[in-house]
Amino acid sequence: PNTMARAAATAAASVAPPMASTAGLEAFVPGRPAAPAGPLPQQLPRRLSAALGRRALGSETGSSAEVRVPSFLVATITAAAGATLFSRKKSQERRFGRGPSKRANPSIAAAAAGDAAPRDSLLGSSAGATLAGSAGRAVLFDCDGVIVVSEELHRLAYNQVFEEFETSTVWSEDYYDVLLNTIGGGKPKMRFHFGREGWPASKLGPLPETEDAQAALIDAMQDRKTEIFEEMVASVKAEARPGIVELIDEALGRPDLKVAICSAATKSAAQKILASILGQERLAKFDLLLLGDDVSRKKPDPLIYILAAERLGIEPTSCVVIEDSKIGLDAALGAGMPCYITFTESTRSQDFSKAKAVVADATKLVLADICPL
């Protein structure tokens, strides 16, 4: 037992490499599983095995019998190694005067600029947010209805694509409000509508009778709808909702907070309108963009918020959600997160009794009340 304890105490220090070799260390965060990127998480088991192999031998007694190390001890040493890395990082910051300022996430910056970025990199937290700060809480913003009111542009884009595909489908404002506040995501909306009203014949061919044919029609329509929506965003100046940019800037300026956008909108469409409203420089400061293409189930399913907490490395109860609709509220509550509502004209009559607060817009929200210092 004593030999094993000494092995555990010393192996953790030997597993963590000197901070002079920092490439790829950003992915390793104490207290949660390492992200797949970066060499360190892949090296840890080998380094740990080697360290234990050297120290778990009875060298003091002259014995060469190997000591079998329980799996729970391996996990403990791995966590200790991560803590050692974190401590060294913070020590270097104090030594060289580098504070916990929020830095731009290069993957998000590339996405905002329209450049290709690996899917996993958009889902992971940035180096600055992970190691340079001490964030233990997060603010998660919805996009449509919270940052910008773009639902009418979406409705017009759907109606245009229905016409282009030579169907008779038209979504009125009142009907789209029902869809908007019942079904999250564009493809689920169309699937719900056609499943209830009947699948249409289109320029692609007769009415689709198989699931594959129905999926192909929806995919083609959604792709074209996204193109139309992006053209509309480029030609029509969308405006941010009152107070939201100021609230976002305040949150981005707090080193104790991580900030994310979680939207069911198609990734390319969401990135286009977010870049238009927030600007690429501001957008690049977010720790996470989690968009419709990144999740398999849409709101009111809580998956998008559960995944956001996991990717940010924050407990769900330490995340605060800003939403505008009942399905967004249900998604947040389903993930175990408190939710604040900034309602729109189409959602103001919904039941928000379980929200922390319900206000007309973000000018009525005070970050110090939502996330006290």
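Any read-out appearing in this document is the output of simple, stated calculations on the displayed coordinates, not a laboratory observation. Just so you know, these numbers come straight off a predicted model, no measurement behind them. When we count neighbours, we look across all protein chains shown, and the Cβ atoms used for this are built from the backbone with ideal geometry, even at glycine.
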What are the residues whose amide H is under 5 Å from the amide H of Lys285, where those residues sit 5 or more places off or on another chain and H is modelled from the backbone? Asn105
Estimated translational D of the stretch 216-278 in µm²/s (Stokes, Kirkwood radius over Cα pairs; 37 °C; 0.692 mPa s): 242 µm²/s
Ordering of 187-194, 283-290, 200-207, 361-368 by burial proxy (mean other Cβ atoms within 10 Å per residue, highest first): 283-290, 187-194, 361-368, 200-207
Quick one: what does P(r) look like for the stretch 223-373 with 10 Å bins over all Cα pairs, in whole %? 11, 38, 42, 9, 0
Answer in debye to the nearest 20: the dipole magnitude of the stretch 241-289 about its Cα centre, from +1 Lys/Arg and -1 Asp/Glu charges placed on Cβ, is 240 debye
Please list, in order along the stretch 187-203, the HN-Hα scalar couplings obtained from phi with the Karplus expression 6.51 cos²θ - 1.76 cosθ + 1.60 (θ = phi - 60°), rounded to whole Hz, x for Gly and Pro. 4, x, 4, 5, 4, 5, 5, 5, x, 8, 9, x, 6, x, 6, 8, 5
Output ordering of 228-236, 208-216, 253-261, 137-145 (per-residue mean of other Cβ within 10 Å, highest first) is 137-145, 253-261, 228-236, 208-216
Under the rule of at least 5 residues apart or a separate chain, name every residue whose amide H is placed under 5 Å from the amide H of Ala201. Leu207
For the stretch 160-175, Karplus couplings with θ = phi - 60° (6.51, -1.76, 1.60), whole Hz, Gly/Pro x: 5, 5, 4, 5, 4, 8, 6, 9, 9, 6, 9, 9, 6, 4, 5, 5
Using only the Cα atoms of the stretch 140-185, build the gyration tensor, take square roots of its eigenvalues as a ≥ b ≥ c, and label the shape rounded, prolate or oblate: rounded if a/c is under 1.5, else prolate if a/b is larger than b/c, else oblate. prolate
Compute, for the stretch 137-230, the length of the dipole vector about the Cα centre, with Cβ point charges of +1 (Lys, Arg) and -1 (Asp, Glu) only. Units Debye, rounded to 20. 240 debye
Coordinate range along principal axes, alpha carbons of the stretch 261-303, Å, largest first: 31, 19, 13
List, in order, the whole-Hz ³J(HN,Hα) value for each residue of the stretch 221-231 obtained from phi through the Karplus relation with A = 6.51, B = -1.76, C = 1.60 and θ = phi - 60°; use x for Gly and Pro. 5, 5, 4, 5, 4, 4, 4, 5, 4, 5, 5
How much net charge surrounds Trp199 when only the other residues with a Cβ under 15 Å from the Cβ of Trp199 are counted, with Lys and Arg +1 and Asp and Glu -1? -1
Hey, any idea what the orientation-averaged projected area of the convex hull of the stretch 285-373's Cα atoms comes to, in nm²? 6.3 nm²
